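First the structure, in the form of structure tokens, and then the observations on it.
The values are calculated or read from the model by the stated rules, or taken from the named source; none is laboratory data. A quick note: this is a predicted structure, and the numbers were derived from the prediction, not measured. When we count neighbours, we look across all protein chains shown, and the Cβ atoms used for this are built from the backbone with ideal geometry, even at glycine. The protein model used for the area step is the full one, side chains on, heavy atoms only, and it has no ligands, DNA or RNA in it. Shrake-Rupley method; radii C 1.70, N 1.55, O 1.52, S 1.80 Å.
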Amino acid sequence: MNRILVRSTPSPAEHITPRQAWEMNAFHNNTGNVAFPYGIFRNLSGEQTQVESDWYGARLPDADAVNENYSMYILPMANDMGAHFAGEMRRLTSFIKQLEIPVVVIGIGGAFSIDEKFDSSFTFDRTVKDFIKAVLDRSASVGLRGEISGRYLKHLGFQEGRHFEVIGDPTLYDLGPELSIRDVPDLTDAKITYNMTPKAPQSALQFLTKIAATYTSSVYIPQDIGEFCKYYYGTIDPNANMARETVPNFPKTLTDTPYATGRIKFFFDFISWVNYMAEQDFSIGTRIHGNIIPTYAGIPSLTLAYGSRLKELAEYHNLPHLDASAINPDADLSDLVSKFDFNSPKNVHESNFEHFTSFLDKNGLKHHYKDTERSHLPFDNATNGIKQQNLIPITAVTDPDQIQARVAEGFEILQHKIVSQKTRLDRLKNEVIERRAEMKSVQSIVKTW
């Protein structure tokens, strides 16, 4: 049996509990990360090939075990070229250098401003360059999410076509070469879903908040694990981004409209998410996978883009999008929607698909992306037995025993996280004290000189 290891969220064939999701951070802070690995698992698995997840490193064997038991290590990555990921990228680089098997990066991007010129250096340049070189020593080329990331690698001295190729996001390619999108209905009584990020411009957040109030059947789709612990356990994750708790026009308390009304839905797996979106009419928001998944389900979506990670994917896949900072908070949604062609992704999908599969072929990956029968692949047998989860928000639970059980479990996890956080802070404090003592020693020597 040929075994392939993937750096990703848990395999779609694995069941994950709310406790595991929060304790192990199995979704790497964002459940949108279930989107792009899904097709990788589904299309690389076969009768003689088993694809396994390392749970974003939580279940990663040591390098010797990977060399011995796996034939390839695949990394379907996100917007990981940036200061926020530098420490983890250095760890990954060190690990990859110990591997003797092929390593393929499928879809890495950067976190840059929407109009970045790349005319100066970044603090993480050396880290990214070392990572890309380590991967290229074990693969034919690196797959990038978009053109902006390509300009950054050119800035570092890498060449398109030789060192990297822009392949977009792998999510939609699981559909094969054809993409189908329904027409936008009358939005008055439509089933609308919306998604939000706390870093988005306030004009966009105000506009999306108004949707919740105006369209009483609209449903909020959060993705952050920091939102999940509030959604499911009714508490705050001390390790999450606390800035979210101070952002105006963002759902952050259990009394805010989505939580208070129960018009909020959280997903752990791609299949459940897609099946839910297939029953909706329209999607809008500031999360790229919050809109790519509806597109996969055949639902028209509008992306309010800010930063390079949204813009480059929206442009590459021709997703309907606009600058999030340019939207009028008081704009009418129907008027806004009338300005876009929601079939535009279909115009580029087939050519993007062909380029993506060519990239896989070049890197020696055997796959099912071009199988004529797409409705059932070998991997689907493994996912048929997985029970799709219906994660109900704690504000919608009516059984007191269930509420008590959730609160108790949440408190137990929270207690452990706070203790671990305190331990880390104490360790950092001691390191600072040690460094200060070393600095004083060096300064005294300098003075003596």
**Message:** At 7 Å along Cα-to-Cβ for each site, give me the label-to-label distance between Trp449 and Asn69 in nm.
**Reply:** 5.1
**Message:** Restricting to Cα pairs below 8 Å that are 6+ residues apart, what does the relative contact order work out to for region 1-58? Please round to a whole percent.
**Reply:** 60
**Complete:** Check: C-alpha center region 160-187 vs C-alpha center region 396-443, spacing in Å is 41
**Fill in**
Rg/Rh of the chain (Cα atoms, Kirkwood Rh), to two decimals, equals 0.98
**Asked** If we count every other residue with Cβ under 10 angstrom of Ser53's Cβ, Lys/Arg +1 and Asp/Glu -1, where does the sum land?
**Response** -1
**Prompt:** How much accessible surface area, in Å² rounded to 10, belongs to the heavy atoms of Arg90 with a 1.4 Å probe?
**Reply:** 130
**Largest-first ellipsoid semi-axes for region 289-374, taking √(5λ) over the Cα gyration tensor eigenvalues, angstrom** = 31, 14, 10
**Asked** Under the Karplus relation 6.51 cos²θ - 1.76 cosθ + 1.60, θ = phi - 60°, what is the ordered set of whole-Hz ³J(HN,Hα) values for region 85-93, x standing for Gly and Pro?
**Response** 10, 4, x, 5, 5, 5, 5, 4, 4
**Prompt:** Stretch Asp256-Asp361 to full length: gain in nm at 0.36 nm per residue minus the Cα-Cα span?
**Reply:** 32.9 nm
**Asked** What share of Cα pairs, in percent, lie more than 26 angstrom apart in region 260-410?
**Response** 45
**Message:** Suppose R0 equals 60 Å. What FRET efficiency, 1/(1 + (r/R0)^6) with r the Cβ-Cβ distance, do Asp401 and Ser351 give to the nearest 0.05?
**Reply:** 0.65
**Prompt:** Mind listing the Cα extents of region 307-353 along all three principal axes, in Å, largest one first?
**Reply:** 38, 24, 8
**Message:** Keeping all protein chains in place and using 1.4 angstrom, which order do Leu377, Leu414 fall into by accessible surface area, from largest down?
**Reply:** Leu414, Leu377
**Prompt:** Heavy-atom accessible area per residue, region 63-195, 1.4 Å probe: how many Å²?
**Reply:** 40
**Message:** Binning at 10 angstrom from zero up to the longest distance, how are the C-alpha pair distances of region 171-225 distributed in percent?
**Reply:** 19, 36, 33, 11
**Fill in**
A chain fully extended from Leu425 to Ser375 at 0.36 nm per residue, minus the present Cα-Cα distance, gains in nm 12.9 nm
**Request:** Note down the nm distance, to one decimal, between modelled labels 7 Å out along Cα→Cβ at Ile386 and at Arg59.
**Result:** 1.0
**Asked** In sequence order, what are the phi-derived ³J(HN,Hα) couplings for region 433-447 according to the Karplus relation 6.51 cos²θ - 1.76 cosθ + 1.60 with θ = phi - 60°, rounded to whole Hz, with x for glycine and proline?
**Response** 4, 5, 5, 5, 5, 5, 4, 4, 5, 5, 5, 5, 5, 4, 5
**Request:** Could you name the lysines whose alpha carbon sits less than 19 Å from that of Lys370, not counting residues in the same chain fewer than 8 places away?
**Result:** Lys346, Lys362
**Message:** Could you put Ser121, Ser301, Ser334 in order of accessible surface area, largest first, with the 1.4 Å probe and the full protein assembly present?
**Reply:** Ser121, Ser334, Ser301
**Item:** P(r) of region 387-449 over all Cα-Cα pairs, binned every 5 Å from zero, in whole percent
**Value:** 4, 13, 11, 11, 10, 8, 8, 6, 6, 6, 5, 4, 4, 3, 1
**Prompt:** Short version: ³J(HN,Hα) in whole Hz for each residue of region 370-384, in order, from phi by Karplus 6.51 cos²θ - 1.76 cosθ + 1.60 (θ = phi - 60°), x for Gly and Pro, what are they?
**Reply:** 9, 4, 5, 9, 8, 5, 8, 10, x, 5, 4, 5, 6, 8, 4
**Request:** Sort Asp62, Asp269, Asp174, Asp332 from largest to smallest accessible area, using a 1.4 Å probe on the heavy atoms of the protein chains.
**Result:** Asp62, Asp332, Asp269, Asp174
**Asked** Taking all pairs of different Cα atoms in region 64-179, averaging 1/r and flipping that mean, what Kirkwood radius in angstroms comes out?
**Response** 14.8
**Fill in**
For Lys154, counting only lysines whose alpha-carbon sits under 19 Å away and dropping same-chain residues fewer than eight positions off, the answer is Lys117, Lys129, Lys133, Lys311
**Request:** Taking a cut-off of 20 Å between Cα atoms, list the aspartates and glutamates near Lys440, but don't count ones fewer than 8 places away on the same chain.
**Result:** Glu431
**P(r) of region 196-289 over all Cα-Cα pairs, binned every 5 Å from zero, in whole percent** = 2, 12, 24, 27, 21, 11, 2, 0
**Prompt:** Remind me, relative contact order of the chain in percent, using alpha carbon pairs under 8 angstrom and six or more residues apart?
**Reply:** 19
**Rg/Rg_globular for region 345-449, with Rg_globular taken as 2.2 N^0.38 Å and Rg from C-alpha atoms** = 2.21
**Message:** Restricting to DSSP H runs of at least four residues, report the calculated mean residue ellipticity at 222 nm for the chain, -39500 (n - 2.57) per run over all residues, nearest 500 deg cm²/dmol.
**Reply:** -12500 deg cm²/dmol
**Fill in**
Interchain or sequence-distant (5+) residues whose placed amide H lies within less than 5 Å of the amide H of Ile181 are none
